[in-house]
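Asker: The structure under discussion is supplied below as structure tokens; questions concerning it will follow.
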Amino acid sequence: MGKRSRRATSVVTALVTAALTAATVVATPTWGAPDEPVAGPIADPIPQDPVRSRLGLVLAEVARLPASAPTPPTGDHRLNRHNRINFLGEVPDGSGRRYVPDLNGPLYLLEGGTPHVYLDFAARFPHFYSGRGMGSGFGFVAFHPEFARNGRLYTVHTEGRGAIDTETPTYPNQPNAVVQSVVSEWTADDPSADVFAGSRRELFRYGFTTTIHAVQQIDFNPTARPGDPDHGLLYLAVGDGGIGVSSDVPQDLGTPAGKILRIDPAGSNGPGGRYGIPPDNPFVGRPGALGEIYAYGMRDPHRFTWDRGGDHALYLGHIGQHAIEAVYEVRAGDNLGWSEREGAFTYRRGDECHLYPLPADDDRYGYTYPVAAYDHDPPAGWPCTQDSGHAISGGQVYRGRAVPSLRGKYVFGDLVDGRVFYTEVSEMRRGGAAAPLRELALFDTRGNERRMSDFVGDGRVDLRFGTDAAGELYLVTKADGRLWKVVGTREAPRSEVAPGVAPHLVAHYDFEHPFPVDDARELDLGRSRTLLGLVNGGERMRVDDSAFRGGGKALELGPRPGANDDWKAGVWDPGGAESLRAFNGVDGITIMGWFKATGANPVPGHGAVGLAGLLSGDSDGHAVRALIEAFEVDGELRLVALGRRVDGGASQTYAADLAWREVLPPNRWVHLAATFDFTTGAMALYRDGRALPGSYTVPGNPWQVDGTGASRTDPRGIKIGGSFPQDTAERNPCACRVDSLMFLDVAAPADLVAQQHRRFTRR
């Protein structure tokens, strides 16, 4: 995909400072930018994240298609999926047959839930290439709207070096091309046959310098009827070949790259007489411009669709370079601005880590801006030049009848992490404020709420969308090669975060959000976006268990044989974790989460049981600023809150009166919380929302309380289930499971702890 994350955390502070001090330019109002002029680069282009909707989709599995492999074989884990199916549609002949292309070569037809190969590109083309690049291979198929009569279908696939050396492109290849996209017309001898037999002719061939952003979707306008000007015209979404980031190719009307083309397969006035150029195309007759161009200024025009109702608008899901995943309503002659613009922001070539406000005179350029968009929210510290695990998968406007509550909604998603969103078509207006995005909950047919990563068993979902002739909606997942149909809706439970907790929630891990780039890491749902490492066990540490209704996964912790093999989790930064700066000089801290003892505790050879803690600013991986733990007090194992106000100073411990086994009995989920008020020295422990009686174990004033907060240093990280998250040693392992772990920048009062516990139990 050639994706870029928004920025590394280390540059955020500098960006914000620059924004406050540099010379000013006027920012666009479209994305909710401040009223005052904005200076310098923008740290967070779209601050408003998609809102969680109470509407949820019920998904039923339709089929699982056969496994396939790239040609040639590759070591790229992003391509080595179960297969690489990427769309579902219905053959327009009334037969009810559905079709599914697989980038690795096969075109499948499904009758009922049974697939069979209709046409195999890997077998037919000696130079077929799908071994590198997220869109390489057999990309798409479009059946002519009169397929039942004329037997014609159209496909696009990629070919490698052998084709470049021997085949002549329609227009000159990009320099040093490594792949060519080939659009073909096929004519079936018998349109009703289960396996293709017939003829082929080539319509269009074009070469790209890289293996990314070639020709993606091709399609016909399903709303055009015989006699309409658009009937039978083929649209081609041509990417910029990965070079728009450093060139003006997408703005150059003399080349196909970075454009949507519109051609007439039945015509002959195009190059070589292979296709026609419709006379009403917007650039016909313009000197130096290709008449095929319908719209331009695109990086990766991944998926487009027409609304079969309403105004029959054409919507495009456009994958961004730096930060913006966008939906455009595309009309003839539009310029989406790439690479002068990314979404509704200024893109500066050579600066891959920043976006900038639009200039004051932006109207004179005539760019078309998104009707909906979201930005990347990469984990803290993630390099801005690396894939952050986000890319839009354009979807469908639902006009079916089976799910009335979806009608009039454009449903799309993030193809990497599998989140599913919608916008109201009535709110997607060109030139106006961006339509708000809402995230849909997902359910299986038994009523269990699940994420797409749960459905497919992989943090990288590779999600696509499709629709049948009745307008019903399907989800397609490469990770497991399955097709899912939306068969209904359910009301989603409320967020598991209580309203009073949300403003203070710095870090939150529910262990159901693997980082798509690396499943051995867990995404932070709090505002810090601190990426958590699952030490030694990786993705195996996520287990099917939940502390509360509506949950799904929990984190498995415990000792393992061998040196530094214990399963634990955490973050370690010897320079201080900048993303956890909310705890720098903080007045108070709360740690709360669900815990379940699953084995012998303490583990033989260890005298304590580590649950969860925030490291101090000078920690070696063991010393903490705040910790929930169990260790021996007066000869008996007790649950304790252990805190340290001053780095390198003495700690204080507040121990529960109840014995350890009474607080955390075996194989039972218990909600525990510990609070630390550094300004007064007060500490408290809670079990299932109620305060635990206890006492302080160290006399006097070990914290050196003087009315101020903790040391003015960034914590060096987080430890969960044992010390030393950097895995240099083993100490106080916990044979247990953890769910929905939260770190707050306040010493929460008793009523707030109780409120959060009730939130879980009454969802």
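The values are calculated or read from the model by the stated rules, or taken from the named source; none is laboratory data. In this text, all values refer to a predicted model and were calculated from it rather than measured experimentally. Cβ coordinates were reconstructed from backbone atoms using ideal geometry, including for glycine residues, and neighbour counts include every protein chain displayed.
Asker: Just the residues that are under 21 Å from D49 (Cα atoms), at pLDDT 95 or above and among the small types (G, A, S), please, taken from segment 435-475.
Answerer: A435, A441
Asker: Just wondering, is there one or more residues in segment 479-495 that are closer than 22 Å to H376 by Cβ and surrounded by 20 or more Cβ atoms within 10 Å (Cβ to Cβ)?
Answerer: There is at least one residue in segment 479-495 that is closer than 22 Å to H376 by Cβ and surrounded by 20 or more Cβ atoms within 10 Å (Cβ to Cβ).
Asker: Please determine, by comparing only the residues of segment 84-121 that are within 31 Å of the chain's Cα centre (by Cα) and hydroxyl-bearing (S, T, Y), which one is surrounded by the fewest Cβ atoms within 10 Å (Cβ to Cβ).
Answerer: So the residue we want is T114.
Asker: Let me ask something additional. Can you work out which of the residues in segment 456-478 that are surrounded by fewer than 21 Cβ atoms within 10 Å (Cβ to Cβ) and not charged (D, E, K, R) is farthest from A402 (Cα to Cα)?
Answerer: Looking at the filtered set, the residue picked out is G457.
Asker: Quick one: which of Y356, Y347, Y365, Y328 is in contact with a strand residue (DSSP E or B) (Cβ under 7 Å, 6 or more places away or on another chain), surrounded by fewer than 23 Cβ atoms within 10 Å (Cβ to Cβ), at pLDDT 95 or above and among the hydroxyl-bearing types (S, T, Y)?
Answerer: Selected residue: Y356, the only one of Y356, Y347, Y365, Y328 that is in contact with a strand residue (DSSP E or B) (Cβ under 7 Å, 6 or more places away or on another chain), surrounded by fewer than 23 Cβ atoms within 10 Å (Cβ to Cβ), at pLDDT 95 or above and among the hydroxyl-bearing types (S, T, Y).
Asker: Tally the residues that are closer than 30 Å to G466 by Cα, in contact with a Gly (Cβ under 8 Å, 6 or more places away or on another chain) and part of a loop (DSSP other than H, G, I, E, B), restricting the search to segment 264-290.
Answerer: 8
Per-residue answers, yes or no, for (1) hydrophobic (A, V, I, L, M, F, W, C); (2) within 28 Å of D751 (Cβ to Cβ); (3) modelled with pLDDT of 95 or more:
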position: N536; (1), (2), (3): no, no, yes
position: W567; (1), (2), (3): yes, no, yes
position: G570; (1), (2), (3): no, no, yes
position: F583; (1), (2), (3): yes, yes, yes
position: L614; (1), (2), (3): yes, yes, yes
position: F631; (1), (2), (3): yes, no, no
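Asker: Let me ask you something else. Can you name every residue in segment 188-206 that is small (G, A, S) and touching a Ser or Thr at 6+ places or on another chain (Cβ under 8 Å)?
Answerer: S192, G198, S199
Asker: Which of the residues that make up segment 157-172 are surrounded by fewer than 20 Cβ atoms within 10 Å (Cβ to Cβ) and either among the polar types (S, T, N, Q) or under 18 Å from A266 (Cβ atoms) (or both)?
Answerer: Within segment 157-172, T166, T168 meet the criteria.
Asker: Restricting attention to segment 171-186, which residues are touching a helix residue (DSSP H, G or I) at 6+ places or on another chain (Cβ under 7 Å) and part of a strand (DSSP E or B)?
Answerer: Matches in segment 171-186: Q180 only.
Asker: Can you tell me which residue is surrounded by the fewest Cβ atoms within 10 Å (Cβ to Cβ) among those in segment 708-754 that are closer than 23 Å to P503 by Cβ and of a type in the set (G, A, S)?
Answerer: Looking at residues that are closer than 23 Å to P503 by Cβ and of a type in the set (G, A, S), I get A750.
Asker: Another question about this same structure. Please list, ordered by first then second residue, the pairs with beta carbon atoms under 6 Å, 6 or more apart or interchain, first in segment 122-136 and buried (at least 21 other Cβ atoms within 10 Å of the Cβ) and at pLDDT below 95, second not in a loop (DSSP other than H, G, I, E, B) and not hydrophobic (A, V, I, L, M, F, W, C).
Answerer: Correct list of pairs: G135/Q216.
Asker: When G317 is evaluated against the numbered criteria (1) of a type in the set (G, A, S); (2) farther than 14 Å from F412 by Cβ; (3) at pLDDT 95 or above, which criterion, by number, is the only one it fails?
Answerer: G317 satisfies all of (1) of a type in the set (G, A, S); (2) farther than 14 Å from F412 by Cβ; (3) at pLDDT 95 or above except (2).
Asker: Scanning segment 439-450 for residues that are over 26 Å from Q217 (Cβ atoms) and either of a type in the set (D, E, K, R) or within 15 Å of the chain's Cα centre (by Cα) (or both), which turns out surrounded by the most Cβ atoms within 10 Å (Cβ to Cβ)?
Answerer: A441
Asker: Now for a separate question. Quick one: G488 ticks every box in (1) part of a strand (DSSP E or B); (2) closer than 30 Å to P725 by Cβ bar one, so which box is it?
Answerer: (2)
Asker: Between Y206, Y154, which is surrounded by 15 or more Cβ atoms within 10 Å (Cβ to Cβ), touching an Asp or Glu at 6+ places or on another chain (Cβ under 7 Å), assigned by TED's automatic domain parsing to the domain that holds G291 and under 26 Å from I85 (Cβ atoms)?
Answerer: Exactly one residue qualifies, and that residue is Y154.
Asker: Turning to a different aspect of this structure: Which residue pairs have Cβ atoms closer than 6 Å, lie 6 or more positions apart in sequence or on different chains, and pair a first residue in segment 251-270 that is within 22 Å of F208 (Cβ to Cβ) and not assigned by TED's automatic domain parsing to the domain that holds L316 with a second residue that is among the charged types (D, E, K, R) and assigned to a loop (DSSP other than H, G, I, E, B)?
Answerer: From segment 251-270, no pairs qualify.
Asker: Which members of segment 497-519 meet the condition of being more than 23 Å from F676 (Cα to Cα), surrounded by fewer than 20 Cβ atoms within 10 Å (Cβ to Cβ) and either small (G, A, S) or touching a helix residue (DSSP H, G or I) at 6+ places or on another chain (Cβ under 8 Å) (or both)?
Answerer: Selection gives D519 alone.
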